[in-house]
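This report concerns only the one structure given below.
Rule-based calculations on the coordinates, nothing more; no lab input. Being a predicted model, the structure only gives us computed values, none of them experimental. Reconstructed Cβ throughout: ideal geometry from the backbone, glycine too, with neighbour counts over all protein chains shown.
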Amino acid sequence: MPGLRAPSDYAQEPPRHPALVVNSKEPFNAEPRRSDLVSSYVTPVEFFYKRNHGPIPIVDDVDKYSVYITGLIGNPKEVFMKDIWKLPKYTVTATLQCAGNRRTAMSRIRKVKGVGWDVAAIGNAVWSGAKLADVLELVGIPKCSHVTPSGGKHVEFVSIDKCKEENGGPYKASIQLSQATNPEADVLLAYEMNGETLNRDHGYPLRVIVPGVIGARSVKWLDSINIIADECQGFFMQKDYKMFPPSVDWDNINWSTRRPQMDFPVQCAICSLDDVNMVKPGKITIKGYAVSGGGRGIERLDISIDGGKTWVEASKLQKPGIPYISDSESSDKWAWVLFEAEADIRQSTEIIAKAVDIAGNVQPENVEVIWNLRGILNTSWHRVHVRIEEMWLALFMENEIGPERLLSFFAVALTLCYLILFLADTSRLQIDEIMFCLLISLLG
């Protein structure tokens with residue numbers, strides 16, 4: 001394509017933030033640290049997860065770049081960026097989430113195939129561009145159409161990139177024409193992200209944004225749009241991103257028995273804590289995100305600090321200064337909510353988060369019941385574990401005691417403990433207290 005090309009190697013990859021957790025170098029797939037992910041309602045571009053299937057395309061001349069709209073229509077058209085810029089500009093705040101988000105936790109149950117994502121293959125951004133419904137009107141397709149006169153029922157998006165899964169061909173995916181032409185669905189051909197021009201990692205110069213749907217359908221580096229009778233037959237629609245039951249394995253899988261996944265289910269994750277944490281006794285803040293597909297808001301976010309025996313409701317927020325109400329026009333229906341709860345932790349425990357959306361959809365309690373061989377849509381209750389630091393261990397950590405001094409301390413402490421207990425048989429001192437006092441004197 002004039003103006004945009006797909007390299008065959010990784011020699012010209014764009015720069016990335018050094019704090020990203022890299023899950024795959026070539027192709028580049030990375031996510032932010034948990035704490036960075038929920039540091040703000042709108043995810044900074046540099047911390048927005050990177051999901052790629054090949055080298056990042058290169059734009060040589062944006063003025064020569066164009067998108068071909070063809071297929072089962074009477075008026076095929078080549079659309080340039082200047083044509084897109086002339087259309088009304090819309091801005092939509094929407095969360096994109098990789099279908100493989102939280103795959104690593106699912107793989108602990110049984111091995112799965114795919115990039116090993118933690119909980120941060122997700123991000124919330126402000127996308128700006130032309131509505132796809134307006135673009136399709138340029139080729140004679142009215143808004144809210146279900147089928148074209150020639151029988152077109154689906155809209156296929158084809159990228160310029162090169163994917164090994166497509167034998168070196170481009171990434172492609174599709175949505176129904178009824179969704180593409182519905183202005184209320186807010187499907188965009190986006191050229192801005194968070195108020196700035198898209199960067200290369202996120203689809204420059206033009207990408208599709210399909211709110212409420214798994215990220216695999218929001219195709220980047222758009223090359224062409226095809227109006228077709230049936231859904232896209234590409235690899236990522238027909239042999240990937242489909243939800244199978246736990247009984248299906250690679251020996252008995254039949255891809256044709258399942259439809260391509262579109263909306264993502266209700267999801268949440270704790271981001272202020274790792275899977276296993278060492279904390280001091282006292283108050284901690286539990287923070288994270290919750291989101292549901294299809295524009296369904298989050299009605300409730302429940303937190304348990306005793307492994308699920310009792311629950312409290314966390315506070316939810318989106319835009320600063322505006323109360324979040326799940327079905328309010330003031331809320332961003334395509335976007336996540338951030339949640340927060342305070343807890344007083346006095347003993348080692350399991351902390352759990354689970355969400356409920358406005359349709360009453362809930363998350364499964366255990367990952368085992370939704371295990372699937374591709375490791376997608378892990379929306380089970382999110383669980384983290386906390387361990388309480390012993391007072392003497394906390395002192396060691398705070399004072400950065402080395403292993404040699406640590407061994408010496410234990411040898412001396414053990415000897416003194418036995419000596420004291422032997423000489424003072426009426427003593428009420430406990431070994432922990434003796435060790436603590438001894439450590440204070442050693443550090444003093």
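In loop segments of the stretch 196-300 as defined by DSSP, the chymotrypsin sites (Phe, Trp or Tyr not before Pro) with at most 14 further C-beta atoms inside 10 Å of their C-beta are 250.
For the pairs 64/162; 143/242; 50/316, note any where the Cα-Cα span goes beyond 24 Å. Cα-Cα > 24 Å for 143/242; 50/316; rest within. Over the residues of the chain, the helix contribution to mean residue ellipticity at 222 nm works out to -4500 deg cm²/dmol, using -39500 (n - 2.57) for each DSSP H run of at least 4. For the chain, the relative contact order is 15 percent, taking Cα pairs closer than 8 Å that sit 6 or more residues apart in sequence and dividing their mean separation by the residue count.
Taking the charge dipole of the chain about its Cα centre, with +1 at Lys and Arg Cβ atoms and -1 at Asp and Glu Cβ atoms, the residue from 105, 57, 355 reaching farthest to the positive side is 57.
What the Cβ-Cβ distance of residue 348 and residue 147 gives, at R0 = 60 Å and to the nearest 0.05, is a FRET efficiency of 0.50. GNM on the chain, alpha-carbon springs under 10 angstrom: the most fluctuating residue among 133, 343, 173 is 343. With R₀ fixed at 25 Å, the C-beta to C-beta distance from residue 258 to residue 70 puts the FRET efficiency at about 0.30. Each principal axis of the Cα atoms in the stretch 182-300 has its own extent, and those three values, largest first, are 61, 46, 29 angstrom. Extension gain, residue 309-residue 40: 0.36 nm per intervening residue step, less the Cα-Cα distance, totals 93.8 nm.
Looking at the stretch 106-141, the trypsin sites (Lys or Arg not before Pro) that sit in a DSSP loop and have at most 15 other Cβ atoms within 10 Å of their own Cβ are 108, 110, 111, 113.
Using 0.36 nm per residue, how much length does the chain from residue 368 to residue 184 gain when fully extended, once their Cα-Cα distance is taken away?
Roughly 62.6 nm would be gained on extension.
If only the Cβ of Lys and Arg carry +1 and only the Cβ of Asp and Glu carry -1, the dipole of the stretch 110-207 around its Cα centre is close to 500 debye. Note on the stretch 204-280 and the stretch 1-76: Cα centroid distance 17 Å, given to the nearest whole angstrom. Over the stretch 189-343, Cα pairs under 8 Å with separation of 6+ residues give a relative contact order of 18 percent.
Thinking of the stretch 58-151 as a set of Cα atoms, what percent of all their pairs are more than 24 Å apart?
Details: 2219 of 4371 pairs.
For the stretch 58-151, the fraction of Cα-Cα distances above 24 Å is 51 percent.
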